[in-house]
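The values are calculated or read from the model by the stated rules, or taken from the named source; none is laboratory data. Fair warning: this is a prediction, and the values are worked out from it, not measured in the lab. Backbone-built Cβ (ideal geometry, glycine too); neighbour counts: all protein chains shown.
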Amino acid sequence: MNNDLKNDIYTLPDTLIKQLKSNLSSLSPTDKGYSRCKNLSSSGRLTHTQAKKLKHELENDMVGSDYDVVGGDEMLNFIDGTLDRRRDGVHTNKKRKMESGLDNQFKKTHTKDKSKNPTRVRKVKVAKKADDIINNRAIYEEIAKINKLIK
């Protein structure tokens, strides 16, 4: 789960709360989905974890009246739209940070490459010994590598 989304709380729209309250009035406390419908209508909000779980259940597990008790298509559309907008916001924010010159924002800090050459660009070998400088060995080695690439 994305750490930026973990503690999010989404407020349900008034139309959805009214629908949940109307569904609740037609249910008895022993009916399936009664407690969830009661909690949603009374609190009027969803946490990110609840939204993901409810989305999965609406898409895969619930059918018929169970689906309609917790809001049905309206609830699914609200959750889809809200999660998509929030995820896009986080993605855009990280992308803008990278464009401004920060390290890869999509990786956790401990996995970032802290080396002097993070892009893995091969640097030219510099001759340090007098013999290598006089004989141009470093240059010949680079030329040999370039020739290998050309072939």
Q: Search the stretch 124-142 for residues being over 45 Å from the mean Cα position of the chain (by Cα) and among the β-branched types (Val, Ile, Thr), and hand back the single one that is modelled with the lowest pLDDT.
A: ILE133
Q: Restricting attention to the stretch 2-15, report how many residues are assigned to a loop (DSSP other than H, G, I, E, B) and touching a residue at least 24 places away in the same chain (Cβ under 8 Å).
A: 8
Q) In the stretch 1-13, how many are charged (D, E, K, R) and surrounded by fewer than 12 Cβ atoms within 10 Å (Cβ to Cβ)? A) 1
Q: Check THR92, THR109 and return the single one that is within 30 Å of ILE9 (Cβ to Cβ), at pLDDT 70 or above and of a type in the set (Val, Ile, Thr).
A: THR92
Q. Say we look at the stretch 52-72 and pick out the residues that are of a type in the set (D, E, K, R) and either within 30 Å of ASN3 (Cβ to Cβ) or free of Cβ contacts under 8 Å to residues at least 12 places away in the same chain (or both); which of these is surrounded by the fewest Cβ atoms within 10 Å (Cβ to Cβ)?
A. ASP61
**Q.** helices (runs of 4 or more DSSP H) wholly inside the stretch 16-73 containing at least 1 residues that are of a type in the set (Val, Ile, Thr) and closer than 27 Å to ARG85 by Cβ
**A.** 48-56, 65-69
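Being among the charged types (D, E, K, R) and more than 14 Å from ASP8 (Cα to Cα) is the filter here; which residues of the stretch 30-50 pass it?
Matches in the stretch 30-50: ASP31, LYS32, ARG36, LYS38.
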Q) Are any of the residues in the stretch 36-51 modelled with pLDDT under 90, loosely packed, with under 12 Cβ neighbours inside 10 Å and over 21 Å from ASN7 (Cα atoms)? A) no
Q: Report yes if GLY81 is modelled with pLDDT of 75 or more, in the same structural domain as THR15 (by TED's automatic domain parsing) and closer than 21 Å to ASP8 by Cα, otherwise no.
A: yes
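Yes or no: LEU102 over 17 Å from the mean Cα position of the chain (by Cα) and surrounded by 13 or more Cβ atoms within 10 Å (Cβ to Cβ)?
no
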Q. For residues in the stretch 14-31 being charged (D, E, K, R) and within 18 Å of ASP73 (Cα to Cα), which is surrounded by the most Cβ atoms within 10 Å (Cβ to Cβ)?
A. LYS21
Q. Among all residue pairs at least 6 apart or on different chains, which show Cβ distances below 8 Å where the first residue, located in the stretch 74-85, is surrounded by 14 or more Cβ atoms within 10 Å (Cβ to Cβ) and the second is among the basic types (Lys, Arg) and assigned to a helix (DSSP H, G or I)?
A. LEU76/LYS55; ILE79/LYS55; ASP80/LYS55; LEU83/LYS52; LEU83/LYS55
